[in-house]
Amino acid sequence: MLVDFELIKRAQTGESAAFNEVVLAYRKRTLGTIARLISRPEDVEDVAQEVFLRLYFSLDQLRTAEVFEPWLYRLTVNAAYDYLRKHRRRMESRMSDLSEQQVVLADAVAGGRVDHEVRQQRQVRETVDSLLNAVSEADRILLTLKEVEGLSLKELEKIYRVNENALKVRLFRARQRVLKALGPGGKESRGEGKAKAEI
Amino acid sequence: MSMTNYWNQQGDRDAELNALFRAYRAACPEKEPSANFMPEVWRRIEERQHSQFLLGRWARALVTAAAVLSLGMAAYLYIPHAHGTVFSFESYVEAIAAGHAVDSAEFVDPVVDEL
């Protein structure tokens, strides 16, 4: 827990200063999670603000402060779902869709001005993003929480409110679908598997 | 392909995918919140509170108006009206008889032939 239970209880009673502290403590982590779930940097803050808005109006429904973190993850997942449903992901980003930072990076990569490590990281991100784009939003979110965020099955149980066995089945199926998208020889089906070879 | 080979290959691909996810986590940059993050959160909260407040006020006004209208109608129906009311205390038969005056006895008396 990044904050103590007492602070959450105070926030539940409607104390603005306590809620402010909770947001300050969790905003960076939430931004990171959302960035990996939706992979569109320009919309990450907007979705994170929506998460904290929902948190503010649903905090009184939280029974115990101990389950605050899974609760916040659940709100994050739901907001990411809503975002992904609204903005059906395009398989190929066009230059006009890229943020200013991405355009600068793309230019730099093309011009050979960034070092090998940055290029490699960019390729990894593009490869995994395109793999996750090839599966459903539900698979994408579940895999990101488990494999990228590193949440345990116990934590996922609390977030999804399903038992461990059901989660294992869902995870297995999601992984199989990603492996299928990765292609038979381990190369990604759309020929973007070059980053993988460099790992 | 034998089952052993299949599971070995599956295990290799799983390990490869795990490595890819690990590399992805390392490659994702930490996102720093902008200076406008907190003010924007509070602005949204206040906006939602304001719209909820307006909605609540509108709903209360509607409930009050409905209650006043119901009471008014109940009072109107309860108080007897001397004239012009559509309601009557006559029985059904009396009402029918009053509406069919042509059926009264003076018209249906037998005709007497005076020869």
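Looking at B:Met73, B:Met38, can you tell me which residue is at pLDDT 90 or above and either out of contact with any helix residue (DSSP H, G or I) (no Cβ under 9 Å at 6 or more places or on another chain) or aromatic (Phe, Trp, Tyr) (or both)?
The unique qualifying residue is B:Met73.
Tell me which residues, restricted to the range A:135-154, are within 13 Å of chain B (Cβ to nearest Cβ) and in contact (Cβ under 8 Å) with a residue 40 or more places away in the chain.
Correct list: A:Val135, A:Arg140, A:Thr144, A:Leu145, A:Val148, A:Glu149, A:Leu151.
Go through the residues of the range B:53-64 one by one and say whether even a single one is within 11 Å of chain A (Cβ to nearest Cβ), more than 25 Å from A:Glu149 (Cβ to Cβ) and among the aromatic types (Phe, Trp, Tyr).
No, because not a single residue in the range B:53-64 is within 11 Å of chain A (Cβ to nearest Cβ), more than 25 Å from A:Glu149 (Cβ to Cβ) and among the aromatic types (Phe, Trp, Tyr).
Which of (1) assigned to a helix (DSSP H, G or I); (2) surrounded by fewer than 14 Cβ atoms within 10 Å (Cβ to Cβ) is the odd one out, the single condition A:Gly14 does not satisfy?
(1)
Yes or no: A:Arg74 closer than 17 Å to A:Glu137 by Cα, basic (Lys, Arg) and not assigned by TED's automatic domain parsing to the domain that holds A:Tyr160?
yes
Name the residue that is surrounded by the most Cβ atoms within 10 Å (Cβ to Cβ), counting only residues in the range B:10-52 that are facing another protein chain (nearest Cβ under 7 Å) and basic (Lys, Arg).
Here the answer is B:Lys31.
Where the second residue is at pLDDT 95 or above and not in a helix (DSSP H, G or I) and the first is outside the structural domain of A:Phe19 (by TED's automatic domain parsing) and closer than 25 Å to B:Pro29 by Cβ and lies in the range A:38-60, which pairs have Cβ atoms under 6 Å and are six or more apart or on separate chains?
none
Would you check which residues across the range A:161-199 are away from chain B (no Cβ under 11 Å) and either under 27 Å from A:Glu117 (Cβ atoms) or at pLDDT below 90 (or both) and list them?
Within the range A:161-199, A:Arg161, A:Ser189, A:Arg190, A:Gly191, A:Glu192, A:Lys194 meet the criteria.
Considering only the range A:25-55, how many residues are assigned to a loop (DSSP other than H, G, I, E, B) and among the aromatic types (Phe, Trp, Tyr)?
The number of residues fulfilling the criteria is 0.
The values are calculated or read from the model by the stated rules, or taken from the named source; none is laboratory data. From a predicted model like this one, the values you see are computed outputs, not experimental measurements. Glycine gets a Cβ as well: all are built from the backbone with ideal geometry, and neighbour counts include every protein chain shown.
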